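**Student:** Sharing a structure with you now.
Please treat every number below as a calculation from the coordinates, not as lab data. Quantities reported herein were computed from a predicted structural model and do not represent experimental measurements. We place every Cβ from the backbone using ideal geometry, glycine too, and count neighbours over all the protein chains shown.
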Amino acid sequence: MNKSTITGIVIGVVIATGGAVIANYTLRDDQALPWQTEEPAYAEVLSVKPVKESVKTPREVCEQVALTEKAPVKDEHQIAGTVAGAVLGGVLGNQVGGGTGKKVATVAGAAAGGYAGKKVQENMQEKNTSTRYETRCRTVYDTHDEIKGYDVAYKLGDSEGTVRMARDPGSRIPVEDGRLVTD
């Protein structure tokens, strides 16, 4: 064999051996190639902050309310009070004086008594009230905070980042194919 054939065979064997070694490392997933750096399986959690939202819940509050109303009036013009006052005033006026003065006193007593009787009945009607109770309801809102998620600061290798998660991850977050597993 000549020298160039032997050189070709040696170079072919070296290349084939190198390819076999590389193929062997590539087929075995549990080991990285010597020139590859191993990827971390977890990201380190630096801080966890709960994300809260205020929630308003309506509820109905009812209470009894006293309502005071003026009682219905039967004698709107206070005729009974006016007549009673006029009669009483006329009787009292008739007791004063004599002759023509007695007549004037009777008429003046009847007029004053009629006016006074009307005002007395009017005051009594104003103070005549009735009270009834009514249920009145209104809507009030109770407010409370609900946790909607967590803002998580993490460190993966030499880089840092933030992600929102549905639950508190604890001290570390799993990593798969270079990405955080947040589910």
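**Student:** Before rounding to the nearest 500, sum -39500 (n - 2.57) across all DSSP H runs of length at least 4 in the chain and divide by the residue total; then give [θ] at 222 nm in deg cm²/dmol.
**Tutor:** Estimated from H runs of four or more residues: -13000 deg cm²/dmol.
**Student:** Any chance you could check the Cα centroid distance between the range 53-89 and the range 128-183 for me, in angstrom?
**Tutor:** 52 Å
**Student:** List, in order, the whole-Hz ³J(HN,Hα) value for each residue of the range 138-147 obtained from phi through the Karplus relation with A = 6.51, B = -1.76, C = 1.60 and θ = phi - 60°; use x for Gly and Pro.
**Tutor:** Coupling constants for the range 138-147: 8, 9, 10, 10, 8, 10, 9, 8, 10, 7 Hz.
**Student:** To continue, here is another question. Going by alpha carbons, how many degrees (0 to 90, nearest 10) lie between the helix axis of 100-127 and the longest principal axis of the chain?
**Tutor:** 20 degrees
**Student:** For the chain, modelled as a GNM with alpha-carbon contacts under 10 angstrom, which of 82, 135, 17 fluctuates the most?
**Tutor:** Highest fluctuation of the listed residues: 17.
**Student:** If amide H atoms are built 1.01 Å from N in the plane of the peptide, which residues on other chains or at least 5 residues away come under 5 Å of the amide H of residue 149?
**Tutor:** Hits under the 5 Å cutoff: 51.
**Student:** Report the local net charge at residue 112: Lys and Arg +1, Asp and Glu -1, summed over other residues whose C-beta lies under 12 Å from its C-beta.
**Tutor:** +2
**Student:** If we count every other residue with Cβ under 9 angstrom of residue 153's Cβ, Lys/Arg +1 and Asp/Glu -1, where does the sum land?
**Tutor:** 0
**Student:** If you don't mind, there's one more thing I want to ask. Once you mark the trypsin sites (Lys or Arg not before Pro) that are in a DSSP loop and have at most 14 other Cβ atoms within 10 Å, what is the longest gap between them in the chain?
**Tutor:** 75-166
**Student:** Per residue of the range 163-171, what does 6.51 cos²θ - 1.76 cosθ + 1.60 with θ = phi - 60° give for ³J(HN,Hα)? Whole Hz please, x for Gly and Pro, Karplus curve as stated.
**Tutor:** 9, 9, 10, 6, 9, 6, x, x, 8
**Student:** Tell me, rounded to the nearest percent, the portion of alpha carbon pairs in the range 72-127 spaced more than 14 Å apart.
**Tutor:** 51 percent
**Student:** Still on this structure: For log10 I(q)/I(0) by the Debye sum over Cα atoms at q = 0.11, 0.14, 0.17 Å⁻¹, the listed values are (1) -0.45, -0.76, -1.16; (2) -0.55, -0.84, -1.18; (3) -0.84, -0.97, -1.10; which was obtained by calculation from the structure presented?
**Tutor:** Computed from the coordinates, log10 I(q)/I(0) by the Debye sum over Cα atoms at q = 0.11, 0.14, 0.17 Å⁻¹ corresponds to (3).
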